[in-house]
Amino acid sequence: MSASPPATSAPPTVLTTNTLRACFWMLGALASFTTMAIAARELTLGMSVVQALFFRSLICVIILMPFAVIGGGGMFRRVATQHPGLHLARNCIHYFGQLGWVYAISLLPLAAVFSIEFTVPIWTAILAAIFLGEGFTRWRVIGVLMGFIGILVIVRPGPEMLEAVESTKGTLAMVGAAVLYASVFVFTRHMAQTESPLTIIFWMNLIQLVIGVGPAIWFWVTPEPDSLPWIFLIGLGGLCSHWCVAHAMRHADAAVVAPMDFIRLPLIAVIGYVFYSEPWNPFILIGGVTIFAGNMINLVGERRR
């Protein structure tokens with residue numbers, strides 16, 4: 001049997017084109033994440049967190065329904081699933097993760113929320129090692145340690161932190177949200193082998209819409225007319241963020257996409273400073289950089305390994 005021909009790398013023009021496409025999609029993701037965070041902050045000024053999440057899921061389902069219904073093979077054929085139990089478990093976890101995220105946005109500076117959110121890959125590595133049997137290499141150990149150091153830099157535990165009750169609640173909620181998001185990623189890794197992105201996203205929003213109906217009615221506040229644009233934007237931003245990141249990952253490696261994702265930290269810090277008079281806290285940026293550096297060390301180290 002003849003030997004296989006040596007693998008050849010893609011031409012530079014192809015790599016450049018794919019990188020530019022990934023940059024384009026990540027710009028959309030940055031805009032989507034930022035829009036969703038601002039919309040959540042504005043909505044929670046006049047309504048509960050659960051009602052804001054209800055509107056997010058409702059808008060997403062309305063947008064996705066035509067894609068789910070229209071298509072060959074019958075109604076809802078495009079989003080048919082053989083694993084309804086996995087979807088239910090995944091989205092119960094994701095709902096409470098989003099609950100913590102939006103609650104943290106209502107209490108913390110936006111930059112602090114995004115910084116702690118960058119610990120999701122670290123929690124994912126821990127959970128994947130526990131539940132999926134993935135190896136816990138030295139690179140992952142370094143990433144985890146740097147992630148925890150970054151959290152400590154942001155939070156700076158001490159008497160002052162304990163006295164700031166609202167800040168403490170927001171920080172704990174965001175750390176909990178990051179752990180829950182990591183659990184969702186572990187579910188997604190398993191489900192992505194058989195489920196399409198459209199199927200995963202459609203059932204995510206539909207299930208969370210059903211989960212959120214009761215709490216939203218219980219804490220219902222009739223929205224003011226000026227909140228209607230924010231209701232639309234929180235749903236659109238949530239949907240587009242998933243869509244854009246998925247397409248960016250199709251055109252470039254995670255090592256290319258991840259640094260672009262980090263741009264949203266200084267971006268949201270500037271927005272918080274300009275529009276919400278949030279103090280410019282160097283500890284948040286230092287902690288965020290430390291967490292991100294841990295993620296990149298883990299990512300690059302694993303690629304080389």
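Counting only the heavy atoms of the protein chains, how much of His247 is accessible to a 1.4 Å probe, in Å² to the nearest 10?
My reading of the accessible area for His247 is about 30 Å².
Which order do Thr34, Thr188 take when ranked by solvent-accessible area (1.4 Å probe, heavy atoms of all protein chains), largest first?
Thr188, Thr34
Based on the Kirkwood radius over alpha-carbon pairs, what is the Stokes-Einstein translational diffusion coefficient of the range 190-305 at 20 °C with 1.002 mPa s viscosity, in µm²/s?
120 µm²/s
Between Val141 and Glu224, take the C-beta separation as r, use R0 = 51 Å, and let me know the FRET efficiency to the nearest 0.05.
Between Val141 and Glu224 the formula returns 0.55.
For the full complex of protein chains and a 1.4 angstrom probe, list Arg250, Arg41, Arg77 by accessible area with the highest value first.
Arg250, Arg77, Arg41
For the chain, with a Gaussian network of springs between Cα atoms less than 10 Å apart, report the residue from Ile126, Ile207, Ile217 with the top mean-square fluctuation.
Among Ile126, Ile207, Ile217, the largest GNM mean-square fluctuation belongs to Ile217.
Roughly how many debye, to the nearest 20, is the charge dipole of the chain about its Cα centre, given +1 on each Lys and Arg Cβ, -1 on each Asp and Glu Cβ, and no other charges?
In total the dipole reaches around 900 debye.
What net charge is computed for the residues neighbouring Phe202, neighbours being all others with C-beta under 14 Å from the C-beta of Phe202, Lys and Arg scored +1, Asp and Glu -1?
+2
Give me a comma-separated list of calculated 3J(HN,Hα) values for the range 190-207, in order, Karplus coefficients 6.51, -1.76, 1.60 applied at θ = phi - 60°, integers in Hz, x for any Gly or Pro.
Along the range 190-207, the couplings run 6, 7, 5, 6, 10, 10, 6, x, 4, 5, 5, 5, 5, 5, 4, 6, 5, 5 Hz.
So what's the gap between the Cα centers of the range 75-150 and the range 189-229, to the nearest angstrom?
17 Å
Measure off 7 Å from each Cα along the Cα-to-Cβ vector at Arg21 and Leu172, then give the distance between these two points in nanometres to one decimal.
About 4.7 nm, to one decimal.
For the chain, with a Gaussian network of springs between Cα atoms less than 10 Å apart, report the residue from Phe232, Phe24, Phe292 with the top mean-square fluctuation.
It is Phe24.
Rank Gly85, Gly272, Gly238 by mean-square fluctuation in a GNM of the chain with C-alpha springs under 10 angstrom and give only the top-ranked residue.
Gly85
To two decimal places, what compactness ratio does the range 186-245 give when its Cα radius of gyration is scaled by 2.2 N^0.38 Å?
The reported ratio for this selection is 1.41.
Within the chain, what whole-number % of the accessible surface is contributed by carbon and sulfur, with the 1.4 Å probe and all protein chains included in the calculation?
Ligands and nucleic acids excluded, carbon and sulfur give 72 percent.
Hey, can you find the accessible area per residue of the chain for me, probe 1.4 Å, expressed in square angstrom?
Spelled out: the 1.4 Å probe surface of the chain, per residue, equals 51 Å².
P(r) of the range 259-305 in 5 Å steps, Cα pairs, percent per bin?
With 5 Å bins starting at 0, P(r) equals 5, 19, 23, 20, 14, 9, 6, 3, 1.
The values are calculated or read from the model by the stated rules, or taken from the named source; none is laboratory data. Since the structure is predicted, the reported quantities are computational estimates derived from the model, not experimental observations. Counting neighbours? That spans all protein chains shown, and the Cβs are built from the backbone with ideal geometry, glycine included. Keep in mind that these areas ignore ligands, DNA and RNA; they rest on the heavy atoms of the full protein, side chains included. Shrake-Rupley method; radii C 1.70, N 1.55, O 1.52, S 1.80 Å.
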